[in-house]
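Only one structure is covered here, and it is reproduced in the block below.
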Amino acid sequence: MKLEYELVYSQRRTIAITVERDRRVVVYAPHRAPQESVAAAVQRKQAWIWSKVRDPYKYAVRKTQKEFVAGEAFLFLGQNYSLELVPGTRDGVRAIGRCFELSRIHRHRGRELFREWYVDEARKRIPPRVVAIAKAMGTEVQRVSVRELKYQWASCTPSRRLSFSWRIIQAPSLVVEYLIVHELAHLLEPNHSDRFWNIVAVHAPAWEKAKDWLRQHGSRLEW
């Protein structure tokens with residue numbers, strides 16, 4: 001079977017390969033990297049790539065097509081909220097009990113308005129948890145951001161800058177906690193070694209349950 005991958009050029013100095021949450025293989029390369037060098041790097045890591053592509057904790061992407069109609073379900077912290085279309089001209093989305101309210105006349109902007117609501121909630125909730133958990137783990141971060149991440153739920157850099165996809169605020173708290181601990185553990189152990197997973201297990205005891213949830217329901221966060 002031919003190994004297909006997406007090639008992304010950037011300002012980086014070396015070639016890096018990742019297998020993302022939906023099993024896509026992405027190769028990051030410097031702008032002037034020859035195609036031959038990219039192909040050789042992929043060939044060298046082919047066994048590792050296939051092992052990750054077949055990882056049962058990855059999921060096959062099946063993006064949800066939201067229609068923004070009355071009664072449609074939306075996730076927030078793992079709970080289903082029902083959409084109510086209400087009269088009036090009030091802009092934005094509002095959570096009332098276990099319902100989301102959206103003005104009927106703004107239904108055509110549903111995707112934009114829901115994204116704004118989720119981003120706001122994620123920015124209020126995730127950075128403080130990152131700081132608190134980092135302190136408990138004996139490490140610290142330089143910056144925490146919540147934004148659109150095309151390929152990953154979360155990422156970190158050697159300069160201790162952590163990024164999280166706004167989409168994860170739809171998942172249960174144990175999943176959010178696991179993703180935070182996972183990225184912070186990389187500040188203590190860069191590789192997915194036994195030590196790395198021991199650190200994760202200490203600070204996120206339900207990590208396997210969280211990974212199972214992402215495998216089974218992760219595609220619901222993609223819309």
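Return the percentage of antiparallel bridges among DSSP beta bridges fully within the range 73-221, rounded to the nearest 5 %.
Here the share of antiparallel DSSP bridges comes out near 50 percent.
With runs of 4+ DSSP H residues as the only contributors, calculate the mean residue ellipticity of the chain at 222 nm using -39,500 (n - 2.57) per run, divided by the residue total and rounded to the nearest 500.
-12000 deg cm²/dmol
So, R0 is 25 Å and r is the distance between the beta-carbons of residue 54 and residue 189; what FRET efficiency does that work out to, to 0.05?
Plugging the Cβ-Cβ distance into 1/(1 + (r/R0)^6) gives 0.55.
Restricting attention to the range 97-149, which trypsin sites (Lys or Arg not before Pro) occupy a DSSP loop and are surrounded by at most 10 other Cβ atoms within 10 Å?
98
If you keep only loop residues by DSSP, which trypsin sites (Lys or Arg not before Pro) in the range 1-95 have at most 11 other Cβ atoms within 10 Å of their Cβ?
Those satisfying the criteria are 2, 13, 32, 54, 62, 63.
Calculate the dipole size of the chain relative to its Cα centre from +1 charges on Lys and Arg beta carbons and -1 charges on Asp and Glu beta carbons; express the result in debye to the nearest 20.
In debye, rounded to 20, the chain gives about 300.
5 Å is the cut-off here: which amide hydrogens, built 1.01 Å from N in the peptide plane, fall below it relative to residue 103, excluding neighbours closer than 5 in sequence?
Hits under the 5 Å cutoff: 86.
Out of 25, 119, 86, any idea which swings most in a Gaussian network model of the chain, alpha carbons joined below 10 Å?
Comparing 25, 119, 86 in a Gaussian network model of the chain, the most mobile one is 86.
Which is farthest toward the positive dipole end of the chain among 26, 200, 186, measuring Cα position about the Cα centre, with Cβ charges +1 (Lys, Arg) and -1 (Asp, Glu)?
Going by the charge dipole, the pick is 26.
Expressed in nm to one decimal, what extension gain is obtained for the pair residue 14 and residue 67 from 0.36 nm per residue of sequence separation less their Cα-Cα distance?
The span from residue 14 to residue 67 would gain 14.9 nm if fully extended.
To the nearest µm²/s, what D does Stokes-Einstein give for the chain at 10 °C and 1.306 mPa s, using the Kirkwood radius over alpha carbon pairs as Rh?
The calculation lands on 82 µm²/s.
Please identify every one of the GluC sites (Glu not before Pro) in the range 85-170 that sits in a loop by DSSP and has no more than 15 other beta carbons within 10 Å of its own beta carbon.
Here the sparse-neighbourhood loop sites are 140, 148.
Just so you know, all these numbers are worked out from the coordinates, no wet-lab data involved. Just so we're clear, the structure is a prediction, and the values are computed from it rather than from any experiment. Quick reminder, even Gly has a Cβ in these numbers, built from the backbone with ideal geometry, and neighbours come from all protein chains shown.
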